[in-house]
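The values are calculated or read from the model by the stated rules, or taken from the named source; none is laboratory data. If you're wondering where the values come from, they're calculated on a predicted model, not measured in any experiment. All Cβ positions, glycine included, derive from the backbone under ideal geometry; neighbour counts span all protein chains shown.
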Ligand code: PAF
């Protein structure tokens, strides 16, 4: 099966998916919530490099949204998404309904370790990573991939999924693909579509603040708290409401010591902030 030789199939049921994959090598999988942009398409291109049919799922997962978040508003654009996926060589779009994926209330959940999942995104969006892990575990059972591709833009999500796959000994290689940015540097995100024209211009300030943080990463004349407060203040003064702007160790997303900052410990600057009604996240390894 290859997107170039066979027409892409759009499949809505698990039974049909299993039948379509029955005589195939294990697929390469890209889970998404749809409303696709160039960032997602780069994940599909990465998927194609690994051989095997490429399956992209499109499912807006209620379990990972808090009651006040944008689950209802989240754009459902299946037709447009399929038109974007076909020329990229996607073989199967798996777009189950909620009833299909959650025929009963999903009372069995996958709870990732609080030491990782209650930090940062998990602190501001309690239960988020349980929702993500539960749906990803379920999608993995449906698709049975050999490789799964996730964007590095969701840095903590990628680590949480890598940990889940490792600890459950799932025979899946998790691949992280680099963040795709607009010309001005804004990380592509489905939620960028919520931004008005002025907000869109302003949105670049988040990656600028992260660059500043990354710039100070090795300079211990400024404490971590001072660096982070300066980044927070820089965004607040422009009208943003930051949740966090922080420098962390890549290995476990905990704060580095000054000695580690000096010694070249691999770090990452991570940020999440609200601009008007839109919450954006980004990160920069340093
Ligand atoms: O990154 C996303 O789009 C979602 O969190 C995912 C991995 C598709 C699970 O719903």
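Results, tabulated for the structure shown:
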| quantity | calculated |
| --- | --- |
| Matching residues, region 217-241, being touching a residue at least 24 places away in the same chain (Cβ under 8 Å), closer than 18 Å to residue 273 by Cβ and outside any helix (DSSP H, G or I) | 238, 239, 240, 241 |
| Odd one out for residue 71 among (1) touching a strand residue (DSSP E or B) at 6+ places or on another chain (Cβ under 7 Å); (2) within 16 Å of the ligand (Cβ to nearest atom) | (1) |
| Neighbours by Cβ (under 9 Å, 6+ apart or cross-chain): first from region 177-191, closer than 18 Å to residue 44 by Cβ and without any contact (Cβ under 8 Å) to a residue 60 or more places away in the chain; second part of a helix (DSSP H, G or I) and away from the ligand (no atom under 13 Å from the Cβ) | 181/207 |
| Hey, residue 202 touching a helix residue (DSSP H, G or I) at 6+ places or on another chain (Cβ under 9 Å) and at pLDDT 95 or above or not | no |
| Test: residue 67 is surrounded by fewer than 16 Cβ atoms within 10 Å (Cβ to Cβ) and under 20 Å from residue 190 (Cα atoms) | yes |
| Condition check for residue 209: touching a residue at least 60 places away in the same chain (Cβ under 8 Å) and either closer than 14 Å to residue 246 by Cβ or loosely packed, with under 14 Cβ neighbours inside 10 Å (or both) | yes |
| Sole residue being touching a helix residue (DSSP H, G or I) at 6+ places or on another chain (Cβ under 6 Å), more than 16 Å from the ligand (Cβ to nearest atom) and more than 18 Å from residue 175 (Cα to Cα), chosen from 34, 89 | 89 |
| Subset tally (residues that are more than 16 Å from the ligand (Cβ to nearest atom) and without any contact (Cβ under 8 Å) to a residue 60 or more places away in the chain) for region 43-68 | 7 |
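Here is a yes/no grid of residues against (1) surrounded by 14 or more Cβ atoms within 10 Å (Cβ to Cβ); (2) farther than 18 Å from residue 152 by Cβ:
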position	(1), (2)
248	yes, no
252	no, no
257	no, yes
263	no, yes
267	yes, no
270	yes, no
278	yes, yes
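Quick grid of which residues meet (1) in a loop (DSSP other than H, G, I, E, B); (2) surrounded by fewer than 19 Cβ atoms within 10 Å (Cβ to Cβ); (3) in contact with a strand residue (DSSP E or B) (Cβ under 7 Å, 6 or more places away or on another chain):
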{"site": "16", "(1), (2), (3)": "no, yes, no"}
{"site": "20", "(1), (2), (3)": "no, yes, yes"}
{"site": "39", "(1), (2), (3)": "no, no, yes"}
{"site": "44", "(1), (2), (3)": "no, no, yes"}
{"site": "50", "(1), (2), (3)": "yes, yes, yes"}
{"site": "76", "(1), (2), (3)": "yes, yes, no"}
